[in-house]
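A.B. asks: The structure that follows is given in the form of structure tokens.
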Amino acid sequence: MSPEQQKQNEKGSRGGGKEAFGENEKELELEKKKKDEEKKKHVEEKKRIEELNRKLEADRKKKEEESKRKEQEKKKQEEEKKRKEELRKQEEEKKKHAAEKKRIEELNRKLEADRKREEEEKRQQQAEKKRKEEEQKKEEEKKRKEELRKQEEEKKKHAAEKKRIEELNRKLEADRKREEETKKKQDEEKKKHEKEKKRIEELNRKLEADRKREEEEKRQQEAEKKRKEEEQKKEEERKRKQDEEKKRIEELNRKLEADRKREEEEKRQQEAEKKRKEEEQKNEEERKRKQDEEKKKHEIEKKRIEELNRKLEADRKREEEEKRQQEEEKKRKEEEQKNEEERKRKQDEEKKKHKEEKKRIEELNRKLEADRKREEEKIKQEEQKRKQEEEQKRKEEERKKKEDEIRKQEEDKIRKEQEKKRLEEEKRKNEEERKRKEEEKRRMEEEKRRLEDEKNKKEEANKKKLEEERERIEEEKRKQVEERKRKNEDEKRMKEEENKSKELLRMKEQENERINQEVQKQQQKEEEKKLQKEKENTSYEFNSLSNPADFAIRNLLDNAENSLYILSDEEVLKMCEEILKTYPKSPRANYLKADILIKMAEEKQSNSILEQGIAQYQKVLDLPDVPYALLVDAGTKLAEKQIFRGWNGKATKTWRFLSDKYPNDVKLKNKLGVGYLMANQNEEARKTFEKVLEMDHGDGLAKVHLGFIIKTIDNDPEKALPFLIEGVASEAEGTKDGRFYFHLGDAFQRLNLLKEAYKVYKAGAENGLFLSSIQRSLYNVNTLTGRPWWTAEETGYTEDLKVQ
């Protein structure tokens, strides 16, 4: 694993895999125990909430009973004061309820935020699935386009061949006319053959009628002498017709010979079918390779699932914080209950005093205001009852709301547990999908074997039919052996002459085609030499990026590049596509199109456009005759965008392609080694950096990476120390990195060389890689204050801290 990969994964490090700062198994066991304890706490918390709800319900019932008892005990004069007291209490309760509502709304906001976060995760999962489907579609589209491109190239080749053939045809016009005449004759003969077939059938019917007629004539020979003479004439005519029939039969034999040739053609087609099946096997191997790539994608998906688990852990901690707040709220409520009881006691004492005064006042005013109070009392009682009923309804609604909130919290927990189960179910489905693919593969192999067996059976059946047909034909041939042999000899002679003439034509065509190809190659070489000389003689800004073909169209390409600063990206993209229609193999035009697509992807933040740009860079690498500078630049950008997209394996392949293309380029080999580390291929990275050091013993970047591998993977700080020291001291590009300073200091510490370790840490702090020699964190938040030591006043918690 490289320092670059640590930058991506250090904040959310998880168990699994070899990491520079990996956790041991004991920590994992402790985390499991903590999780179990937290689950128990969740259950206990639910019970406490239910107990509190029961207490609240009991308190509510007690208050209702107390109010009823007070109404019975109090007299008419106390009702006015009681109403005022009730109003005051209601106001206080309203305040409490308002505070409670605010707290509940805050909890609801938190729950809503959690729900939205989970929905966002689901959307991301769906987007990931859609992305995979789009990738598959794009790959299929890419293959289809490649096939279309090949077809177009073949069409162009065919067009060029047609032109050459037309020239040859003009030279061999006389021969072709003769062949056309023979073809016309053959067509006429075919038509005659068809007519003759019909005549043969008609003659057979007539012959059958004649035979019957002859038998009848024999029976009537004595009585019908005149008819015999006529029959003799008819017989002569019939013999003549039989001779014609013999000729037609010979013609049929020739047709049978043509059928035999057609059978041979079918055999050749069967051989072509075999070749096609071999190509299908190759496609099957390609599909297997894609399945391997899909497995790698599944591994990436597993990592994403682990990231989701970490988020769930954060949600659990947030829930614990909410529970702690709920406990504090309960304590506050208990204190409020105590205060309420003290207040009630004081009120009771005041009420007793008021009663004594009221009794005296009542004795004076009872007689005067009895009737008036009675009427007012009725009105007040009705109003009081109405208010009490409304109050009871309101309290009942609040109680239901609280119950709903608790129920929602429980449902949220259940939903989170279901989400965990769903993730496990997805893992299981992935495993089942893998098994299903293996089963599909096995089934396809069985299907292949079955098809081969069926093909063999069909071939055997065809052979039998052919043999039977041949026997039947031989039976017919035996009747007219001599005539057929003579005609076969004539036909063979004719065919040999035709084959010789065709062979001569073919040889002439091949010779002319070869001569044309040599002439075209010579012309192309001369044009390239001219362009190369012209390119060398001119001081062109993009000489290093242009091959001879691009140099010839440099004005078009320069105009497109200059338009980047004037026109919109879409318009420049259209210009590039117009150039590529005429010059599809232009490296600079393809490279410019890729740059524009990447720019559009960054502006629109679109993964689909980004993937189009990546595919376009790949096309530049696949083109022939790409200049070194352009190829390296395109390959570097391709690898960087593949890493940004999360395709570390593809980025490694890109670096490997460039390194194989230019094996003496040390920078490319270093980037290949870093790519291997990013893809967690540590042994391949080690071999690559060792090759770099064989080529260049003083390469600092290769030394720090090799030291990093030896220290973290081999766990051998003593062996890694010389590589890290020399690499960091070289101050080469890429070596001034906090990770290398950290691992160099850590290697010193592990070897008990503390002074040297703190010198390295101090140098890292001076270079701005650490906050200080003591604060060696590699990731810091600018808005948070960092100090190696804090005073009590600086913390802001002086009252809560006891400085000893």
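A.B. asks: Among E306, E356, which is acidic (D, E), at pLDDT below 75 and over 30 Å from K110 (Cα atoms)?
C.D. replies: From the options E306, E356, the qualifying one is E356.
A.B. asks: Hey, another quick one. For region 704-804, please list each of the helices (runs of 4 or more DSSP H) lying entirely inside it that holds at least 2 residues being closer than 28 Å to A685 by Cα.
C.D. replies: 717-730, 738-750, 754-766
A.B. asks: In the list K521, K525, K535, which residue meets the criterion of being in a helix (DSSP H, G or I), at pLDDT below 60 and not aromatic (F, W, Y)?
C.D. replies: K535
A.B. asks: Can you tell me which residue is farthest from L701 (Cα to Cα) among those in region 735-776 that are hydroxyl-bearing (S, T, Y) and buried (at least 18 other Cβ atoms within 10 Å of the Cβ)?
C.D. replies: For region 735-776, the residue satisfying everything is S773.
A.B. asks: So, one more: For the structure I just gave you, tell me whether E313 is assigned to a helix (DSSP H, G or I) and open to solvent by less than 60 Å² (accessible area, probe 1.4 Å).
C.D. replies: Criteria met by E313.
A.B. asks: Please specify each residue of region 371-422 satisfying the condition of being open to solvent by 80 Å² or more (accessible area, probe 1.4 Å), among the acidic types (D, E) and free of Cβ contacts under 8 Å to residues at least 40 places away in the same chain.
C.D. replies: Within region 371-422, D371, E375, E382, E389, E390, E397, E411, E417 qualify.
A.B. asks: Still on this structure, I have one more. Condition first: in contact (Cβ under 8 Å) with a residue 40 or more places away in the chain and of a type in the set (K, R). Now tell me which residues in region 131-145 satisfy that.
C.D. replies: The answer is R131, K132, K138, K142.
A.B. asks: If you don't mind, another one. Could you look through region 615-649, keep only residues that are touching a residue at least 60 places away in the same chain (Cβ under 8 Å) and not in a helix (DSSP H, G or I), and pick out the one that is most open to solvent (accessible area, probe 1.4 Å)?
C.D. replies: D625
A.B. asks: Looking only at residues that are open to solvent by 10 Å² or more (accessible area, probe 1.4 Å) and not in a loop (DSSP other than H, G, I, E, B) in region 679-688, which one is nearest to L631 (Cα to Cα)?
C.D. replies: The qualifying residue nearest to L631 (Cα to Cα) is T688.
A.B. asks: Determine the pairs where a residue that is over 16 Å from A127 (Cα atoms) and open to solvent by 30 Å² or more (accessible area, probe 1.4 Å), located within region 600-614, has a partner that is modelled with pLDDT under 90 and basic (K, R) with Cβ atoms under 9 Å apart, the partner being 6 or more residues away or on another chain.
C.D. replies: Q612/K138
A.B. asks: Which pairs do you get when a residue that is open to solvent by 70 Å² or more (accessible area, probe 1.4 Å), found in region 712-734, comes within reach of a residue that is assigned to a loop (DSSP other than H, G, I, E, B), reach meaning Cβ atoms under 8 angstrom, with the pair 6+ apart or on two chains?
C.D. replies: Once the first residue is open to solvent by 70 Å² or more (accessible area, probe 1.4 Å) and sits in region 712-734, its partners that are assigned to a loop (DSSP other than H, G, I, E, B) give E718/L751.
A.B. asks: Filtering region 568-610 down to residues that are part of a helix (DSSP H, G or I) and of a type in the set (K, R), which residue is nearest to the chain's Cα centre (by Cα)?
C.D. replies: It comes out as K604.
Matching residues to (1) open to solvent by less than 70 Å² (accessible area, probe 1.4 Å); (2) within 20 Å of K255 (Cβ to Cβ):
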position: K463; (1), (2): no, no
position: I473; (1), (2): yes, yes
position: R478; (1), (2): no, yes
position: D490; (1), (2): yes, yes
position: S501; (1), (2): yes, no
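A.B. asks: Within region 90-103, is there a residue that is among the hydrophobic types (A, V, I, L, M, F, W, C), over 30 Å from Q418 (Cβ atoms), open to solvent by less than 80 Å² (accessible area, probe 1.4 Å) and at pLDDT 80 or above?
C.D. replies: No, that holds for no residue.
A.B. asks: I'm trying to understand the selection: among the residues of region 777-804, which are open to solvent by 50 Å² or more (accessible area, probe 1.4 Å) and in contact with a helix residue (DSSP H, G or I) (Cβ under 6 Å, 6 or more places away or on another chain)?
C.D. replies: Scanning region 777-804 gives T798, L801, V803.
A.B. asks: Do we have any residue at all in region 574-590 that's surrounded by 14 or more Cβ atoms within 10 Å (Cβ to Cβ), at pLDDT 70 or above, touching a Cys at 6+ places or on another chain (Cβ under 9 Å) and more than 30 Å from K183 (Cβ to Cβ)?
C.D. replies: yes
A.B. asks: In addition: Examine region 690-702 for a residue that is among the aliphatic types (A, V, I, L, M) and open to solvent by 30 Å² or more (accessible area, probe 1.4 Å), and state whether such a residue exists.
C.D. replies: Yes, there is a match, as at least one residue in region 690-702 is among the aliphatic types (A, V, I, L, M) and open to solvent by 30 Å² or more (accessible area, probe 1.4 Å).
A.B. asks: Give region 557-567 a look and list any residue that's assigned to a helix (DSSP H, G or I) and over 32 Å from the mean Cα position of the chain (by Cα), or say none.
C.D. replies: L557, D558, N559, A560, E561, N562, S563, Y565
A.B. asks: Of K296, K303, K267, K344, which residue is surrounded by 13 or more Cβ atoms within 10 Å (Cβ to Cβ), of a type in the set (K, R) and more than 30 Å from E37 (Cβ to Cβ)?
C.D. replies: Within the list K296, K303, K267, K344, the selection yields K296.
A.B. asks: Also: Can you find a residue that is touching a Leu at 6+ places or on another chain (Cβ under 6 Å), among the hydrophobic types (A, V, I, L, M, F, W, C) and at pLDDT 90 or above anywhere in region 636-654?
C.D. replies: no
A.B. asks: Answer yes or no: is there a residue in region 68-86 that is surrounded by 14 or more Cβ atoms within 10 Å (Cβ to Cβ), basic (K, R), more than 55 Å from the chain's Cα centre (by Cα) and not in a helix (DSSP H, G or I).
C.D. replies: Scanning region 68-86 turns up at least one residue that is surrounded by 14 or more Cβ atoms within 10 Å (Cβ to Cβ), basic (K, R), more than 55 Å from the chain's Cα centre (by Cα) and not in a helix (DSSP H, G or I).
A.B. asks: From the list K282, K225, K277, K233, pick out the single residue that is out of contact with any Gly (no Cβ under 7 Å at 6 or more places or on another chain), exposed (fewer than 12 other Cβ atoms within 10 Å of the Cβ) and farther than 30 Å from D210 by Cβ.
C.D. replies: K282
A.B. asks: Just one of (1) modelled with pLDDT under 80; (2) open to solvent by 90 Å² or more (accessible area, probe 1.4 Å) trips up N512, so point out which.
C.D. replies: Answer for N512: the failing condition is (2).
A.B. asks: Specify the residue that is nearest to the chain's Cα centre (by Cα); the eligible residues are those in region 108-141 that are more than 27 Å from K317 (Cα to Cα), of a type outside the set (G, A, S) and open to solvent by less than 80 Å² (accessible area, probe 1.4 Å).
C.D. replies: Only one residue fits best here, namely K132.
A.B. asks: Looking at region 252-263, which of its residues are open to solvent by 80 Å² or more (accessible area, probe 1.4 Å) and within 52 Å of the chain's Cα centre (by Cα)?
C.D. replies: The one that is open to solvent by 80 Å² or more (accessible area, probe 1.4 Å) and within 52 Å of the chain's Cα centre (by Cα): R262.
The values are calculated or read from the model by the stated rules, or taken from the named source; none is laboratory data. Only a predicted model underlies this, so the values are computations on that prediction, with no experimental measurement involved. For neighbour counting, all protein chains shown are included, and Cβ atoms are generated from backbone atoms with ideal geometry for every residue, glycine included. The protein model used for the area step is the full one, side chains on, heavy atoms only, and it has no ligands, DNA or RNA in it. Shrake-Rupley method; radii C 1.70, N 1.55, O 1.52, S 1.80 Å.
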